[in-house]
Amino acid sequence: MTVKIVGFEVSPGVLSVMMCLHELGVPYQIENPASWQALKDEDFIANKHPFYNNYSGKIPVLCDGDYTITETRAICRYLVSKYQGKYNDTILIPNDVHKAGLVDQYISYEYSYYTPPVAKLVVEEVFHKTSNPELVETSQKEIDKVLNVYEKLLNGKEYLNGEFSLADVLHISYTHFIFSSTKYADWWNKKPNVKQWWDRISNRDCWKKCVEKIKF
Amino acid sequence: MTIRLIGYSASYPTLRVIICLKELGLPYELEPPASYQSLKDEDFIANKHPFGKMPVLFDGDFRITESRAICRYLASKYQGKHNDIILIPKDVHKAGLVDQFISYELSYYDPPLSKLVYQEKFAKKFFNKDPDPEIIKQAHEELAKVLDVYEKLLEGKEYLNGEYSLADLVLCPGTNYVYGAGHSDLWDNRPNVKNWWSRLCNRDANKKSFEEIKSFWENN
């Protein structure tokens, strides 16, 4: 088994990479660092991930044999390029250059518009366990605007690009924590296309396997 | 079949795509929107960008948005067709690292950089707001820490992934703005970073693109 994720099974980035590996059928192991603080150790910075902030260093890091790669979406793209079609038939990035371009576009919507407000809320309320009514109010407005766009994007479609892709995968992990650990699931559920899309992607067998592994 | 790029060349995500088109030797037509406000029109939202943003690229009937996704698409489709420039290596491991460095740019480099672009170049001129010195100071300090990491990443290398790639391209347009807006010390005080930026400025695609922008700012 050559693929190893370095990280904690509560980090949404780590969970996204796990989901990707499960979907592609690639066996892997997980190595938990000694602690969150250890992510800022000189050795980790030099040999795993060079960026850190006041809170912590960065995960996930993926080691594939001697090869090390960081950053969730880059890791997922690499895994797809290398392993898609090798263990099963699941296609996360289509071979057609135009379809692949649109998957990339939806991944960009995820990191530019969807994840920022959702992550901010999840980090504050679920991970830091802080109650901040002002943040909830601004988050609701921002997330509502984004979900209105998604409601239209998903019109007549089961998934963002028609067929299930890496773009859908990358939306799952932060959203999961909204549904599992906050009372804001309603913001998604009151929009029919969004609700059906979320039900579809969160009920995939591979995601259920990842949820079982969450160490919170 | 022509490539149409909807955007303002002065907007650095649009310029990112322009540089990419030039690097790949691709002809294109630039269509500036009527105004910033027109990006929120019903028609633009429905037929161009659902979040009201630029750039938008049309390749024949095919529409794609988001500058880095557009660049990846152009590289996938056209690299090697008009010239020898390789923006995304064929080798899956090298391509993975290019992707990693693009992610560093969007996650760590661009956030403080974009604040400085807005404050120094756009706030007063386009939105009639005075630059905020506190935001500028914080963004400058944040970018300094990021460039400390880049200084190490560039040790013994000419470009982020060894050879020139999309990873270097994506940060050129924003850097050009901030470098020329009184923050050149951020790059010049770090020898590896300084040489790398100098190398990037010498590329034809960048030279031409930065010249085009210069005349925009002089005339507006």
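The values are calculated or read from the model by the stated rules, or taken from the named source; none is laboratory data. Remember, it's a predicted structure, so these values are computed and weren't measured experimentally. Please note: Cβ atoms are built from the backbone with ideal geometry, for glycine as well, and neighbour counts cover all protein chains shown. These area figures cover heavy atoms from the full protein model, side chains too; ligands, DNA and RNA do not enter into them. Shrake-Rupley method; radii C 1.70, N 1.55, O 1.52, S 1.80 Å.
Every listed requirement among (1) within 14 Å of chain B (Cβ to nearest Cβ); (2) over 17 Å from A:K190 (Cα atoms) is met by A:E142 save one, (2).
From the list B:Y150, B:Y159, B:Y179, the one residue that fits, being open to solvent by 60 Å² or more (accessible area, probe 1.4 Å) and under 18 Å from the mean Cα position of the chain (by Cα), is B:Y179. Checked against (1) out of contact with any Asp or Glu (no Cβ under 7 Å at 6 or more places or on another chain); (2) under 25 Å from A:L153 (Cα atoms); (3) away from chain A (no Cβ under 14 Å), B:V17 meets all criteria but (3). Does the range A:34-42 contain any residue that is in a helix (DSSP H, G or I) and modelled with pLDDT of 95 or more? No, every residue in the range A:34-42 fails to be in a helix (DSSP H, G or I) and modelled with pLDDT of 95 or more. State yes or no: is B:P89 surrounded by fewer than 22 Cβ atoms within 10 Å (Cβ to Cβ), touching an Asp or Glu at 6+ places or on another chain (Cβ under 8 Å) and within 13 Å of another protein chain (Cβ to nearest Cβ)? Yes.
Only a single criterion out of (1) within 22 Å of B:S209 (Cβ to Cβ); (2) among the small types (G, A, S); (3) at pLDDT 95 or above is not satisfied by B:A46, namely (1). When B:E141 is tested against (1) assigned to a helix (DSSP H, G or I); (2) surrounded by 15 or more Cβ atoms within 10 Å (Cβ to Cβ), just one condition goes unmet, and that condition is (2).
Among the residues of the range B:27-59, the one identified as among the aromatic types (F, W, Y), under 30 Å from B:N83 (Cα atoms) and in contact (Cβ under 8 Å) with a residue 40 or more places away in the chain is B:F58.
One line per residue, one yes/no per condition, for (1) open to solvent by less than 70 Å² (accessible area, probe 1.4 Å); (2) within 21 Å of B:C20 (Cα to Cα); (3) of a type in the set (A, V, I, L, M, F, W, C); (4) in contact (Cβ under 8 Å) with a residue 24 or more places away in the chain:
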{"position": "B:D185", "(1), (2), (3), (4)": "yes, no, no, no"}
{"position": "B:D188", "(1), (2), (3), (4)": "yes, no, no, no"}
{"position": "B:S198", "(1), (2), (3), (4)": "yes, yes, no, no"}
{"position": "B:D204", "(1), (2), (3), (4)": "no, yes, no, yes"}
{"position": "B:K207", "(1), (2), (3), (4)": "no, yes, no, no"}
{"position": "B:F210", "(1), (2), (3), (4)": "yes, yes, yes, yes"}
{"position": "B:K214", "(1), (2), (3), (4)": "no, yes, no, no"}
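Restricting the search to helices (runs of 4 or more DSSP H) fully inside the range B:166-220 and requiring at least 2 residues that are touching an Asp or Glu at 6+ places or on another chain (Cβ under 9 Å) gives B:166-169, B:172-178, B:191-201, B:204-219.
Would you point out which residue out of A:I75, A:I69, A:I45 is β-branched (V, I, T), part of a strand (DSSP E or B) and within 11 Å of chain B (Cβ to nearest Cβ)?
One residue alone meets the criteria, A:I69.
Listed by first and then second residue, the pairs with beta-carbon distance under 8 Å, at least 6 apart or on different chains, first residue in the range B:133-161 and away from chain A (no Cβ under 14 Å), second not in a helix (DSSP H, G or I), are B:E158/B:Y164; B:Y159/B:S165.
Residue by residue, here is whether (1) more than 10 Å from every other protein chain (Cβ to nearest Cβ); (2) modelled with pLDDT under 95; (3) in contact with a helix residue (DSSP H, G or I) (Cβ under 8 Å, 6 or more places away or on another chain); (4) assigned to a loop (DSSP other than H, G, I, E, B) holds:
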residue	(1), (2), (3), (4)
A:V17	yes, no, yes, no
A:L21	yes, no, yes, no
A:V26	yes, no, yes, yes
A:N88	yes, no, yes, yes
A:I91	yes, no, no, yes
A:A100	no, no, yes, no
A:Y106	no, no, yes, no
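Look at (1) part of a helix (DSSP H, G or I); (2) of a type in the set (K, R); (3) surrounded by fewer than 18 Cβ atoms within 10 Å (Cβ to Cβ); (4) within 14 Å of chain A (Cβ to nearest Cβ) and you find that B:R72 fails only one, number (3).
The residue that is nearest to B:V149 (Cα to Cα), among those in the range A:58-80 that are open to solvent by 10 Å² or more (accessible area, probe 1.4 Å) and within 18 Å of the chain's Cα centre (by Cα), is A:K58. For the range A:53-65, the count of residues that are of a type in the set (A, V, I, L, M, F, W, C) and in contact with a Pro (Cβ under 8 Å, 6 or more places away or on another chain) is nonzero. Taking the stated definitions as given, is A:Y114 in contact (Cβ under 8 Å) with a residue 24 or more places away in the chain and either open to solvent by 20 Å² or more (accessible area, probe 1.4 Å) or away from every other protein chain (no Cβ under 11 Å) (or both)? When the stated conditions are applied, A:Y114 does not pass them. Among the residues that make up the range A:14-25, is at least one of them in contact with a Ser or Thr (Cβ under 7 Å, 6 or more places away or on another chain) and among the polar types (S, T, N, Q)? Yes: the range A:14-25 contains one or more residues that are in contact with a Ser or Thr (Cβ under 7 Å, 6 or more places away or on another chain) and among the polar types (S, T, N, Q). Do we have B:K81 as under 27 Å from A:N161 (Cα atoms) and either touching a Lys or Arg at 6+ places or on another chain (Cβ under 8 Å) or open to solvent by 30 Å² or more (accessible area, probe 1.4 Å) (or both) here? So B:K81 does not fit the description; no.
Just a yes or no: is a residue in the range A:119-137 within 11 Å of chain B (Cβ to nearest Cβ), assigned to a helix (DSSP H, G or I), without any contact (Cβ under 8 Å) to a residue 12 or more places away in the chain and surrounded by fewer than 16 Cβ atoms within 10 Å (Cβ to Cβ)? No, the range A:119-137 has no match at all.
For B:S107, state whether it is under 23 Å from A:V61 (Cα atoms), at the interface with chain A (Cβ under 10 Å from one of its Cβ atoms) and not in a loop (DSSP other than H, G, I, E, B).
yes
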